[in-house]
Amino acid sequence: MQVPISEVEKIAVLSRLSLTEEEKKKHQHDLEEVLALAQRLNELDTTDVKPTAHIQGVENVLRADEIRPSMDNEKLTANAPERENGCFIVPKVVE
Amino acid sequence: MKAYEMTLKQAAQALERKEISSVELTQSLLDRIGGLEPQVRALNAVCETQAMEAARKSDQRRASGEAKSGMDGIPAVVKDNICTEGTKTTCSSKILAHFVPPYNAHVIERFNAQGIITLAKSNLDEFAMGSSTENSAFGASKNPWNLSCVPGGSSGGSAAAVSAQMAPLALGSDTGGSIRQPASYCGVVGLKPTYGAVSRYGLVAFASSFDQIGPFTRTVEDAALALNAICGYDKNDSTSMNAEYPDYAAGIGQDVKGMRIGVPKEYFASEGLSEEVKASGQNAMKTFENLGAIVEETTMPTFEYALTAYYIISSAEATSNLSRYDGVKYGHRAEDFDGIVDLYVKTRNEGFGDEVKRRMMLGNYVLSSGYYDAYYLKALKVRTLIKQDFDKLFDKYDCILSPTAPTPAFAAGAKSDPMHMYLTDIYTVPVNLAGLTAMSLPCGLSSGGLPIGVHLIAKPMNEVTMLRAAYALEQALPPIGDPTFAGGDA
């Protein structure tokens, strides 16, 4: 299973990572190794087999729509790298 | 007997009978930690002041006959990916190096309600991704049986702490074997409860459809007592099972006559299984037969595909979960950046270690357009087949027996190739794919003096049967003794 470097770069963008040339080669090698193993899953016939994303098969666990106290803003934002007036500070997003 | 040597049950009884105070017990464990931690490096933080304060309060409650539970005053170690309000929870990652959770995980609330004391936070592979605790951003933990060997992982710090008698109880988390494999390497009991039996609220997410919190103890009975303390429904976790929970100690001491134990032949035929581990597993099978159980060879045709399916699915879930680390709400933020995307990229590049990046790359690859069906969806279908294989096995058997890991603990630095590292979890991952319960307990020592574990698996919510079998086996096998702290350079 060949993974071109351009593909590694695309995946790094999706992962919000930037890789050095050396790291790209390492990830290329690691991906190729795992994907070669993954090919072996094709030895199993999965025609008409339903996928299992979650073992319990539970769907839409609902609760009553009731008003409850929120967590304290000061406490919740205390870990933020930058904050002001109970808000998170981020660089300008929309020009 | 010194206080730190006590098992969970012994310590609870001694506290109950007022033969010891929680302050004495906690101080004894803190002294033990002080003496051994420089060599073992099991812990990210020791909560000395809070623990002693909590111990004093526990003693006051006991003195006035107001103990919160039979466990009131017991100190426990908690894996550092379980949120503790006001105490750093780092996941052994640079990105969370200074994170102080604003709330407690459900299991910590359960601890508080019962008077169980958080003594220390234990080291792990970064975000629980690894099998040796070498991937920690804060340095590797060591195996108390041989300090030149790894304790296993990812809950290696918790396993090493219980093995080294730094605490009678530790919590870990198990996504693909992260409780059972280190338990095997460190010669302790490690149990992964049924998926949904312990709330994941406040457990930092790795792969949400697999993650489960569970205990490390030095005896099987202690594992049962620990489950009584942490299992149960929690409305804050939508996957928490709203069911009747048993007294997990109910089967302790009952015999195993007529119990049906299946041993899939693929487990013992697998390449890479050491002769000593194989012999030790066979000895466990023979012991069960001598105890009156019916041990039969059976088959698990999908076994060899489980590890691959696991790495595809767990990496896909991990990359989704880790997208929250963006340098905005909490955690590390890069200093120099040019715009919001650059902030994300630099923050994540600096904050995450190699193995975490590797899993994110794989996860995003298998989820990306064009590869989703071929890899992710295919792996989910294989997961269905694995579950069906187990369903068939549990129609016939009460428990499945296998080795916990292919070999005893390996030397630090010996598995630099990630694929070799992944293979140490070959016996444990199928259990997480199917949401089952399983445990590792010691069943012998290698010629090199390292513990060997045996792995028992039961169907969901059947921990009581599994613990009954494990207790019978533990009682019938000669104890492996205490760790020797060999191989140290100190």
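Observations, loosely collected:
- A:A80 being closer than 30 Å to B:D354 by Cα, in a loop (DSSP other than H, G, I, E, B) and modelled with pLDDT of 95 or more: yes
- Qualifying residue in the range B:216-228 (condition: modelled with pLDDT under 95 and within 22 Å of B:P442 (Cα to Cα)): no
- Scanning the range B:326-336 for residues that are within 7 Å of chain A (Cβ to nearest Cβ) and at negative phi yields B:V328, B:K329, B:Y330, B:R333.
- Scanning the range A:31-75 for residues that are in contact (Cβ under 8 Å) with a residue 12 or more places away in the chain and either of a type in the set (S, T, N, Q) or over 27 Å from B:V356 (Cα atoms) (or both) yields A:Q39, A:N73, A:E74.
- Of all residues in the range A:14-57, those that are in a helix (DSSP H, G or I), of a type outside the set (S, T, N, Q), more than 8 Å from every other protein chain (Cβ to nearest Cβ) and within 20 Å of B:T302 (Cβ to Cβ) total 1.
- B:G481 meets all of the listed conditions (1) at positive phi; (2) modelled with pLDDT under 95; (3) small (G, A, S) but one, namely (2).
- Residues in the range B:1-47 that are closer than 17 Å to B:G157 by Cβ and among the charged types (D, E, K, R): B:R32, B:E37, B:R41.
Let's see how each residue does on (1) surrounded by fewer than 24 Cβ atoms within 10 Å (Cβ to Cβ); (2) of a type in the set (A, V, I, L, M, F, W, C); (3) under 17 Å from B:I82 (Cα atoms); (4) under 15 Å from the mean Cα position of the chain (by Cα):
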position: B:T175; (1), (2), (3), (4): no, no, yes, yes
position: B:S184; (1), (2), (3), (4): no, no, no, yes
position: B:G187; (1), (2), (3), (4): no, no, no, yes
position: B:L191; (1), (2), (3), (4): no, yes, yes, yes
position: B:Y201; (1), (2), (3), (4): yes, no, yes, no
position: B:A223; (1), (2), (3), (4): no, yes, no, yes
position: B:P246; (1), (2), (3), (4): yes, no, no, no
position: B:A250; (1), (2), (3), (4): yes, yes, no, no
position: B:G253; (1), (2), (3), (4): yes, no, no, no
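- Segments classed as helices (runs of 4 or more DSSP H), wholly inside the range B:416-490, with at least 1 members that are of a type in the set (D, E, K, R) and within 22 Å of B:S163 (Cα to Cα): B:463-476
- Residues that are within 24 Å of the chain's Cα centre (by Cα) and assigned to a helix (DSSP H, G or I) were ranked within the range B:1-24; the one that is surrounded by the fewest Cβ atoms within 10 Å (Cβ to Cβ) is B:E5.
- Filtered by the rule that a residue be under 17 Å from B:A183 (Cα atoms), surrounded by fewer than 22 Cβ atoms within 10 Å (Cβ to Cβ) and in contact (Cβ under 8 Å) with a residue 40 or more places away in the chain, the range B:478-490 gives B:I480, B:D482, B:T484, B:F485.
- Selection within the range B:308-325 - crowded, with 20+ Cβ neighbours inside 10 Å and facing chain A (nearest Cβ under 8 Å): B:T308, B:A309, B:Y311, B:I312, B:T319
- Criterion: of a type in the set (D, E, K, R), at pLDDT 95 or above and within 20 Å of B:F216 (Cα to Cα) - qualifying residue of B:D389, B:D425, B:D398: B:D425
- Of all residues in the range B:369-397, those being closer than 30 Å to B:P151 by Cα and more than 9 Å from chain A (Cβ to nearest Cβ) number 1.
- Checked against (1) more than 14 Å from every other protein chain (Cβ to nearest Cβ); (2) of a type in the set (K, R); (3) under 19 Å from the mean Cα position of the chain (by Cα), B:K459 passes all but a single condition, namely (1).
- The listed residues are B:L343, B:L362, and the only one of them that is facing chain A (nearest Cβ under 9 Å), in a helix (DSSP H, G or I) and more than 26 Å from B:M300 (Cβ to Cβ) turns out to be B:L343.
- The lone exception for B:T308 - which of (1) in contact (Cβ under 8 Å) with a residue 24 or more places away in the chain; (2) in a loop (DSSP other than H, G, I, E, B); (3) among the hydroxyl-bearing types (S, T, Y) it fails: (2)
- Counting only helices (runs of 4 or more DSSP H) that sit completely within the range B:98-186, zero hold 3 or more residues that are touching a residue at least 60 places away in the same chain (Cβ under 8 Å) and on the phi > 0 side of the Ramachandran plot.
The values are calculated or read from the model by the stated rules, or taken from the named source; none is laboratory data. Remember, predicted model here, so these are calculated numbers, not experimental data. No Cβ is skipped: glycine too gets one built from the backbone with ideal geometry, and neighbour counts run over all protein chains shown.
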